[in-house]
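Presented below is the structure to which this report refers.
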Amino acid sequence: MRLDKFLAQSLVDRRKTVRTCIKGGMVEVNGVVITEPAIEIDENSDIIEYDGKVVDFAEKVYYMFNKPAGCITAKKDTVNKTVFDFFSDAYMNGVFHVGRLDKDTEGLLLLTNDGEFEYKLMHPRKHVEKTYFFWALGSLDDKDIKHFEQGVYIEQGNILAKPAKIEVQKRGRYGEYKHEIPLKNLNNIDPKWYNPPVVSGYLTITEGRKHQVKRMLKSVGCSVIYLKRISIGGLMLDKALQKGHYRSLTEMEIKKLFFEI
Ligand code: URA
């Protein structure tokens with residue numbers, strides 16, 4: 001295995017950063033300083049030291065997690081549960097989440113100890129598609145859909161979101177659909193007094209700005225009341241995976257994602 005690959009994987013860092021450290025003389029192989037990132041090492045027998053400390057080889061792990069609403073995508077939080085509270089410690093050494101979902105968003109979250117995988121999936125230039133299912137208060141007409149396809153301005157009109165795909169599934173009044181809407185975060189609207197228009201559908205984006213889906217829908221007057229990520233690239237959330245549960249990605253799923261990015 002290449003020295004830079006071994007270190008990126010074991011230190012959970014980007015290969016580019018690791019290369020700079022190797023060139024800067026911070027790495028020894030069997031007691032000898034090596035400044036060539038591409039040399040081949042044997043991860044089973046060679047002793048690799050980084051900044052004076054022996055580095056243990058870390059196997060790569062990739063998890064698919066079905067995030068429930070109410071937990072934070074972070075390593076630690078003093079108040080709320082985090083996504084890591086759903087994993088057993090033994091599996092989680094050096095593992096981090098790939099991107100974030102808001103506290104009230106459900107669905108597909110990937111976790112890994114592979115820095116390159118995260119970098120490629122999240123880099124805006126890679127244009128990896130992420131699809132979300134939403135319910136929102138408001139209505140979406142053909143003009144709004146055109147806007148999404150051309151790129152909408154979000155928030156104070158100073159950020160232009162990249163063109164996105166939107167597919168409306170249902171349109172109607174809250175009263176008609178209230179039994180289908182999984183969460184009823186109605187943003188202080190009391191449906192006893194007002195039966196607001198609602199809309200559901202799928203929004204596919206290639207960026208990952210903070211609250212991006214909510215901000216994009218808000219720009220056309222829709223207020224998200226339920227949000228779930230259902231796919232990243234060609235990887236769909238496993239329908240058999242219950243909320244709060246996780247599983248390892250299969251070899252096929254990992255290969256497919258790497259092939260796409
Ligand atoms: N966009 C949002 O608004 N929230 C999320 O959690 C993810 C994407």
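The table for this structure:
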item: Meets criteria (out of contact with any helix residue (DSSP H, G or I) (no Cβ under 6 Å at 6 or more places or on another chain), open to solvent by less than 50 Å² (accessible area, probe 1.4 Å) and β-branched (Val, Ile, Thr)) for Ile41; result: no
item: Boolean, Phe84 is touching a residue at least 24 places away in the same chain (Cβ under 8 Å), closer than 30 Å to Lys228 by Cβ and not acidic (Asp, Glu); result: no
item: Any strands (runs of 3 or more DSSP E) falling wholly within the range 166-261 and containing at least 2 residues that are within 16 Å of the ligand (Cβ to nearest atom) and surrounded by 15 or more Cβ atoms within 10 Å (Cβ to Cβ); result: 197-205, 223-232
item: Residues (more than 16 Å from the ligand (Cβ to nearest atom) and either within 30 Å of Val168 (Cβ to Cβ) or in a strand (DSSP E or B) (or both)) located in the range 86-122; result: Phe96, Thr112
item: Long-range neighbours under 7 Å by Cβ, at least six apart or interchain, first residue over 18 Å from Lys146 (Cβ atoms) within the range 205-218, second surrounded by 19 or more Cβ atoms within 10 Å (Cβ to Cβ) and among the small types (Gly, Ala, Ser); result: Glu207/Ala161; Gln212/Ala161
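The values are calculated or read from the model by the stated rules, or taken from the named source; none is laboratory data. The model shown is predicted, which means the values in this text are computed figures rather than measured ones. Please note: Cβ atoms are built from the backbone with ideal geometry, for glycine as well, and neighbour counts cover all protein chains shown. All accessible areas refer to the heavy atoms of the entire protein, side chains included, with ligands and DNA or RNA removed. Shrake-Rupley method; radii C 1.70, N 1.55, O 1.52, S 1.80 Å.
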